[in-house]
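Enquirer: One structure, pasted below without further comment.
The values are calculated or read from the model by the stated rules, or taken from the named source; none is laboratory data. This is a predicted model, so every value here is computed, not measured. With ideal geometry, Cβ positions are generated from the backbone for all residues, glycine too; neighbour counts draw on all protein chains shown.
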Amino acid sequence: MDIKNYIGITSLTEERKNPLIFAAIFFIVFFFGLILGSEIQKMLKLDLEMGWGQDIVSATAIFMLAFFFKAPKRLLALEKPKHKNWLKYTIIIGVAIALWNFINQILSNDPNFNRGIEYYIFELTMPSIAEEIGLRGAVLGFLLYYAKKYNFSNGKIWLIMVILAMLFGIAHLLGAESFADGLKAFLMTFSAGLGLSWLRIKTGSIFPGIIAHSIMNVFDNILGCLIW
């Protein structure tokens, strides 16, 4: 798969100094933004079940930091998708990961599809925006500049995607109550991270990833409510 000639790499034209260092800095900012936002939400004692604070703070921090760099919209891939079949790829990836999560829930001891309205509003907006801007936007953006600068092979670009997907999966282990739950969460989010990174590189935009991410967050629960 000739990924090095995908739109998301070939369209990069700005010169970025120290892209690998800044990829690490943005990842740290994103991670600590999640922690800070969670603590702020706790201090405010808001009657909320979902992690609004962590996603709002992390996304805001990434967005503000990106504007210290030239062409921030291109860095974050906040651009119109450039591939004519971007919607098809978006739906395929979003539904595929959602179906996997649905199967995992069915196979669990206590599947829970009866979610409240806050769950759906949150999952349709916050994680998809924050994680795509932070990880597939800024972090992967700098990594792709690094890959292009040193003319990485397809294999090395895939390795970048795998490593980022692994970090995405590991970040979702924090709430696991058992090894089995943690393994399921890791495999699902690792696959999601890989698919979303591919989508960003294929289309040259994070908007397809935001849409696919929202689909995979809620479609499994909607399906569960309809047939379970």
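Enquirer: Could you tell me which numbered condition Gly37 fails, if it satisfies all but one of (1) under 25 Å from Gly195 (Cβ atoms); (2) part of a helix (DSSP H, G or I); (3) within 18 Å of the chain's Cα centre (by Cα)?
Expert: (1)
Enquirer: Which residues, counting only those in segment 171-191, are assigned to a helix (DSSP H, G or I) and either modelled with pLDDT of 95 or more or out of contact with any helix residue (DSSP H, G or I) (no Cβ under 7 Å at 6 or more places or on another chain) (or both)?
Expert: Hits for segment 171-191 are Ala171, Phe179, Ala180, Asp181, Gly182, Leu183, Ala185, Leu187.
Enquirer: Count, please, the residues in segment 114-163 that happen to be touching a residue at least 24 places away in the same chain (Cβ under 8 Å), out of contact with any Lys or Arg (no Cβ under 6 Å at 6 or more places or on another chain), under 17 Å from Ser214 (Cβ atoms) and in a helix (DSSP H, G or I).
Expert: Residues that pass the stated criteria total 18.
Enquirer: Inside segment 1-32, can you point out the residues that are in contact with a helix residue (DSSP H, G or I) (Cβ under 9 Å, 6 or more places away or on another chain), within 24 Å of Ser58 (Cα to Cα) and among the β-branched types (Val, Ile, Thr)?
Expert: Across segment 1-32, the qualifying residues are Ile21, Ile25, Val29.
Enquirer: Determine whether Lys17 is touching a Ser or Thr at 6+ places or on another chain (Cβ under 9 Å), more than 25 Å from Ser214 (Cα to Cα) and either without any contact (Cβ under 8 Å) to a residue 24 or more places away in the chain or part of a helix (DSSP H, G or I) (or both).
Expert: No; evaluated as a whole, the condition is false for this residue.
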